[in-house]
Each structure stands twice: as structure tokens, then as C-alpha cells.
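Enquirer: Would you mind keeping the following structure in view while I ask a few things?
Each reported figure results from applying straightforward, stated rules to the coordinates on display, with no laboratory input. None of the values given here were measured: they were computed from a predicted structure. Methodologically, a virtual Cβ is constructed for each residue, glycine included, from the backbone with ideal geometry; neighbour enumeration extends over all protein chains shown.
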């Protein structure tokens, strides 16, 4: 439930004050016309009380309707009926109560048309206000619902983007373990632990959670250790970071897919040894991380697109920071560079 | 003695197969290769009876490597691809082993290969005709003399049928590949390559003009200045792709 725009007590008090005001106006007018205090007060209080009750009836009956063109005619008819009832009730009660006042009967008869008109206007005013109230409340609720739905879908999308673990990576790692078991069981065991730690790291992280660069690099290291078992004969990874940026926060599991992309790109686009470098540094308040991998500009077709790894990182950064300029790629000579910029955390 | 070559870019994956093969006294591993380039050379040199071939490898994949080999040996694929991806080629390959695989599964593959020896050899042409990986949409791997050339798809001007081969025309001249036009038509992006004639598949980016020739037939003029004929249906298809 959304919070009402104005509290119910405030509305009730304002409603009461509204009728008290008209009661005072009527009393003053009647005193001015030459009636005594008692008559004026009785008339004013009974008249306004009847309007107040009718207005309340009008208000409560309208909550059942949605504002719309088709219901307008019903509302108008209701206002007319209620104002007629008010008029009849006022005439009947006031005749009895103020019977002894001289000249009152004539006064009442001559003011009936005014009373009827005022009653109708009051009912219409209540109707319009109620209508407006229902409209605004509903719109606020709809907007709230929309916002909730968007937030939910954003969270789902973020978690899907985060959890796209490559089955190819997993099966190849398991195959390496299987190969190690026969000849180097100690290494097989240590690789099982690395793989478990890495997998645990990818599943337990909360969405949208920020971690320090130090933690993120630790998780990355687990991944790199596994890749080194598989491709140690070809792959060299350099990580450079200075002390001022290790405490900077960034969304968890952002770095690993980019490095994975760079490694795959480097390993499959060239033969022979490759070096993938990761360099982190502060640029003003932003953390810049640069990932470089070699590729073959002559034959490469992958360099033209960014591949799924990078497009999902880009989408994640957009969902988190509402910015599209946080992931950049460039190529120079035989080197492909991916740069991500992380704004300071709020 | 049976000669075997292992082709896989991960040494540990090869050592796995090596270990399983050590139980077979009559099988000798004559070479191990890190990629398809080494593979092509080693096969030409040793003429093995059987190869174990990984699919995802540097520069060229396992299928592309096989295409470059004349009279390819029998192949057992070893791959971490999932079942879904494997469906594409399982009916044409002798066997495939999904990593990680057990000794029992491995032995079964060897038995299968032995039982088929002397029988009908595997149909590699059929296998390669019907399989393709996503990257094959982006490049064509060819052989020129003893060199292997990777042609990024945007450098290809057009393809031309040439007996059992397809001529791949580029700025540097043409390359030959033993494939059918149908294969390329299926593999390449239909928005980029249009079959404008029974014998021609044209790169749309190369087209500069459509010229009217005699008797309501048409010619496509390429940026290189080459003119290629358009068939009636090819002309209609081209118009449809161009939205005119």
C-alpha cells in the first residue's frame, strides 16, 4: 500500500472547518437580516449539518467509481438527488424548530431556491474534489507499481548477466583435472580447490554489491590460476595496480568476464605465447582499468565486434550507473585494449 | 602398427588421451600438435591412420583444419562443446568424445573405429559440407601452395563455382576450395552474400551498379571493375535484398 497523499485526520478536520465556516457566514447574514441569535444559529447549524452529511454520502459513494466519462452523468444525477433531499429535510426540520419566530416561515419559503442552488453546488464541489483525489491516488499507485516492476526486472537482468558462467570453461577445467589425477594427483587436488573457490565466488555474490578492487583482483586470480593450468605453456598475465586504487569500489564480478574475453581473444586469435595485461589506476575520482591482449589484425574478425563478454559488461555498467561511456575498446597494431571506468561509489 | 596424431591446444587434454592410449600396445602416437597449422603439416608428413581432434583451437578450428587436408584420416573429435552443438556433426563423424570423458567411453570409441576398419571409410566431405561453427560465417580458410591463408569475409569479393571447387575471388586474386556453392550460401550471412546466379555468390558491399545487358538480362558491376552475370531469379533476389 502506498502512503496516502494527506492523512485521513487532516481531511476530516478540513471538512469540519469548511462547514463551520459556512455556518458562521450564514449566521452573520441572518443576524444582519434582523433575526435573533437563537434562530440564526439554529438555522445555520441545521442547514450546514445536513449539507455536511449529504456531502459525506456523496464522497463515500463515489469511491466505488473510477473517474470517467460514463460515470459523470451518474455523479451529476446523484448530486441533484442529494441536493433535493437536503432541501426537503431542511424545510421540514427548520419549519418545526423555528416555528415560533415571527416572519421565519416567509423567510424560509423565499430562500428555498438559494438553499437548493447552494446544496447542488456543494455536492458538485465534493464530487469534483473526490474525483480528483481518486485520480491522483490511483496514478501515484500505478507509477509506484511500474517503478517496482522495473526495479525487479532490472535485478533479474543483472543477476542473469552476472551468472553467465561459460560451460566450455567448466568442462575444459574438469578435463584438465581428470588428466592431472593420473600423473600429478597433488596438482589435481589443488586445481579442484581453485575451481571450487572460483565457482563459490561467482554464485555467492549479491547483486549490485560493490567490492574493493583488491577483493575483485583476488577473485580474478582464482580464475587466472585455473587458466594457467590449462594454458600455462602459452599464457602470461601481468597485473599492475598502485596502492591508491586498491580500496576503490567496483561492482562485483565485473573484471573477470573482461579478462576472460581478452584471454580467449588472445589465445584463439594467435599462435605462440601471449601476454595479457591488467592495469588499474586512478584518473581523478574515477578508477580506470585497462586490459590488453594481442591479436592478429590481418585475419581477425573478432576484433570488429566486442563479443558477448563485453556487451554484457557494458549492459551491466549501464544498469548500474546509467552511463554508456564506461566501457571503451580500441585497437592499435596487434594490440586490443578494453578500458573500463568506474565512477566513485555514492 | 597404427599411427595416431593428437591435435589439441591444451597439453593436459592431450596427456589425457596419451594416458588412455598407453593401454594399446599396437597404437603409436607419432605426433602431437598445438593447433591446426601444425596439424595440417603433421598429417601430410606422417599420414596417420587416426587422429584425435579438438574443435576449438587457435586461428582455425578443427573443421577448417580438416578442409585443408587432402585425403583426411579417420577422426575422433574430442571437445567440450555441449550436446546441442554436437548434434550438427555427430551423424557424419566416426565418433566424438565429450570432455571430460572416461576410459570406458574412450575404449568404446577405439572399438568402434576398429570394427569399421576395412569397411566403408568415413565421409569427410559430407561431414564438412554439413557442419559449420559461428566463426565460419566471418572467415574462409584456404590453402595457397604450402601456406594457409585466413580470409576475413569482408575481403572476399565474390565466389564462383568451378567444377568440384569454389573459386574465392579477392583483391589479391582467387583461391580454390573444395566445397559447394550450396555450402557457402548456407554458411555465409544472406544479407551480405547473395546468390545472384547458379555459379555466383556476390558480396553485396562490392556491388556498384546493376547494368542492363541484351534481352532483359543483367550484369552486376563490382568495385573491382569485374562484371558478373545475374540470372533471372538472382536478379529478383538481389532486388529483394536491396529493397528496390
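Enquirer: Name the residue, out of A:323, A:154, A:184, whose mean-square fluctuation peaks in a Gaussian network model built on chain A with Cα pairs under 10 Å.
Expert: A:184
Enquirer: Taking each pair of distinct Cα atoms in the stretch A:8-160 once, what is the resulting Kirkwood hydrodynamic radius in Å?
Expert: 18.0 Å
Enquirer: Would you mind giving the mean number of other chain beta-carbons within 10 Å of the Cβ of each residue in B:11-20, as a whole number?
Expert: Average per residue, whole number: 6.
Enquirer: Further question: Taking every DSSP beta bridge with both residues inside chain B, roughly what % is antiparallel (nearest 5)?
Expert: About 65 percent, rounded to the nearest 5.
Enquirer: Angle, helix A:307-321 long axis vs. longest principal axis of chain A, Cα atoms, 0 to 90°, nearest 10?
Expert: Its long axis makes an angle of about 40 degrees.
Enquirer: Please work out the Cα convex hull volume for the stretch B:128-229 and give it in Å³ per residue.
Expert: 107 Å³
Enquirer: For the protein assembly as shown, give me the percentage of DSSP beta bridges that are antiparallel, rounded to the nearest 5 percent.
Expert: Beta bridges within the protein assembly as shown, antiparallel portion: roughly 70 percent.
Enquirer: With a 10 Å cut-off between alpha carbons and a GNM built on chain B, which of B:64, B:19, B:126 moves the most?
Expert: The residue that fluctuates most here is B:19.
Enquirer: Stokes-Einstein diffusion coefficient for the stretch A:237-346 at 37 °C in a medium of 0.692 mPa s, Rh from the Kirkwood formula over Cα pairs: what value in µm²/s?
Expert: The calculation lands on 227 µm²/s.
Enquirer: Tell me, what is a quarter of the convex hull surface for the C-alpha atoms of the stretch B:2-130, in nm² with one decimal?
Expert: 7.2 nm²
Enquirer: What ranking do A:150, B:181, B:57 get, fewest neighbouring Cβ atoms within 10 angstrom at the top?
Expert: Taking fewest neighbouring Cβ atoms as first place, the list is A:150, B:181, B:57.
Enquirer: Please report, for the Cα atoms of the protein assembly as shown, the Rg to one decimal and the Dmax as a whole number; what are they, in angstrom?
Expert: Expressed in Å, the Cα Rg and Dmax of the protein assembly as shown come to 40.8, 136.
Enquirer: Suppose a student asked you for the relative contact order of chain A, using Cα pairs under 8 Å spaced at least 6 residues apart; what percent would you report?
Expert: That works out to 11 percent.
Enquirer: While we're here: For the stretch A:219-272 and the stretch A:6-34, what is the separation of their Cα centres, given in Å?
Expert: That distance is 76 Å.
Enquirer: Right, here's the next one. Just B:67, B:172, B:129 to compare: in a GNM of chain B, with alpha carbon springs under 10 Å, which one fluctuates most?
Expert: In this elastic network of chain B, the residue with the biggest mean-square fluctuation among B:67, B:172, B:129 is B:172.
Enquirer: Can you tell me the 0 to 90 degree angle between the C-alpha axis of helix B:11-21 and the longest principal axis of chain B, rounded to 10?
Expert: The two axes meet at around 50 degrees.
Enquirer: Considering only C-alpha atoms, what is the centroid distance from the stretch B:179-244 to the stretch A:45-112, in Å?
Expert: So the two Cα centres are separated by 84 Å.
Enquirer: Report the dimensions of chain B along its three principal axes from the alpha-carbon atoms, largest first, rounded to Å.
Expert: Largest first, chain B extends 71, 33, 31 Å along its Cα principal axes.
Enquirer: Using r as the Cβ-Cβ distance of residue B:105 and residue B:130, and R0 as 25 Å, what FRET efficiency do you calculate, to the nearest 0.05?
Expert: 0.55
Enquirer: For a Förster distance of 60 Å, can you work out the FRET efficiency between the beta-carbons of residue A:193 and residue B:233, rounded to the nearest 0.05?
Expert: That gives a FRET efficiency of 0.45.
Enquirer: Using only the alpha carbons of the stretch A:166-255, what is the convex hull's orientation-averaged projected area in square nanometres?
Expert: Its Cα hull, projected and averaged over all orientations, spans 6.5 nm².
Enquirer: Among B:32-42, B:5-15, what's the highest-first ranking by average C-beta atoms within 10 angstrom per residue?
Expert: B:5-15, B:32-42
Enquirer: Right, another one. Fewest to most neighbouring Cβ within 10 Å: what's the order for B:186, B:171?
Expert: Fewest-to-most ranking of B:186, B:171: B:171, B:186.
Enquirer: Grab the Cα-Cα distance for residue A:183 and residue A:323, subtract it from 0.36 nm times how many residues apart they are, and report the gain in nm with one decimal.
Expert: 45.3 nm
Enquirer: Give me Rg/Rg_expected for the stretch A:163-342, where Rg uses Cα atoms only and Rg_expected = 2.2 N^0.38 Å with N residues.
Expert: Relative to the rule-of-thumb radius for its length, the stretch A:163-342 sits at 1.04.
Enquirer: Taking each residue in A:258-271, count the Cβ atoms of any other chain within 10 Å of its Cβ, then average. What number comes out?
Expert: Counting other chains' Cβ atoms within 10 Å and averaging over A:258-271 gives 2.
Enquirer: Between the helical axis of A:37-62 and the dominant principal axis of chain A, each derived from Cα atoms, what acute angle in degrees is found, rounded to the nearest 10?
Expert: Orientation of helix A:37-62: about 40 degrees from the principal axis.
Enquirer: Calculate how large, on average over all directions, the projected area of the Cα convex hull of chain A is; give the answer in nm² to one decimal.
Expert: 29.5 nm²
Enquirer: Show that you can apply the helix-only estimate: for chain A, add -39,500 (n - 2.57) for every DSSP H stretch of four or more residues, divide by all residues, and state [θ] at 222 nm to the nearest 500.
Expert: -23000 deg cm²/dmol
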